[in-house]
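Q: First the structure, which I've put down as structure tokens, then a few questions once you've had a look.
Quick note: the coordinates plus some simple rules give every number you see, no bench work behind them. Predicted, not measured: the structure shown is a model, and the values here were computed from it. Neighbour counts run over all protein chains shown; Cβ positions are idealised from the backbone, glycine included.
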Amino acid sequence: MATGIQDLGAATDALPLGTVLASILPPDAFLAHALPSNAWMLANGAPLANQNSELAVFMKLNRDTDYDKDLVAADIAKVPDLRGVFLRGMNDHRDQSKGDTDDTRRIGNYQQDQIQTHNHSVGYTTQFIEQGNGAPAPRAASGPSEYDSGNPRQANIGAETRPRNVCVYYYVKIA
């Protein structure tokens, strides 16, 4: 098959089990070039095909200390479902300065979106003109605006809170 895509097998052989890899290749193209063909899975929450694989056994043995109950439940190990979510690094030592104070987090644990209570500074500029009686009257007002690195930018209001992002596929090495 001459697609111009080199096989990924040799390049990923040295990666350990459980490695998460981001790719712009859709599943059919990625998995067609991942050698061996059963070494990677799309991170879509599906059960591992081989529940006796090294990765599945490791996950089951460590389910109570490392893995979220949804990843290893009823003796079935699954890859995490990373579709449409942002990834957050595990904070093993619960460094409160990084904002993660929840000591119940486990690998594969999903958190709902949340907006922390916060304030915004909003600046208004008002120009006045003198009325006939000498009292000032507002002529023009501007604001509010948000600032990004000192450059004025209007807020992009939408249905969710999110940083700038690019869409990719995530794959997990399973063999």
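Q: Near Leu55, within a Cβ-to-Cβ distance under 14 Å, what is the net charge of the other residues, with Lys and Arg +1 and Asp and Glu -1? Don't jump to the answer; show the numbers that get you there.
A: Values: positive: Lys60, Arg63, Lys78, Lys173; negative: Glu54, Asp66.
Spelling it out: positives minus negatives among the neighbours equals +2.
Q: Under 15 Å from the Cβ of Cys167, count the other residues' Cβ atoms, weight Lys and Arg +1, Asp and Glu -1, and hand me the total. Let's see the in-between values first.
A: Values: positive: Arg83, Arg162, Arg164; negative: Glu160.
Taking every Cβ under 15 Å from that of Cys167, the sum is +2.
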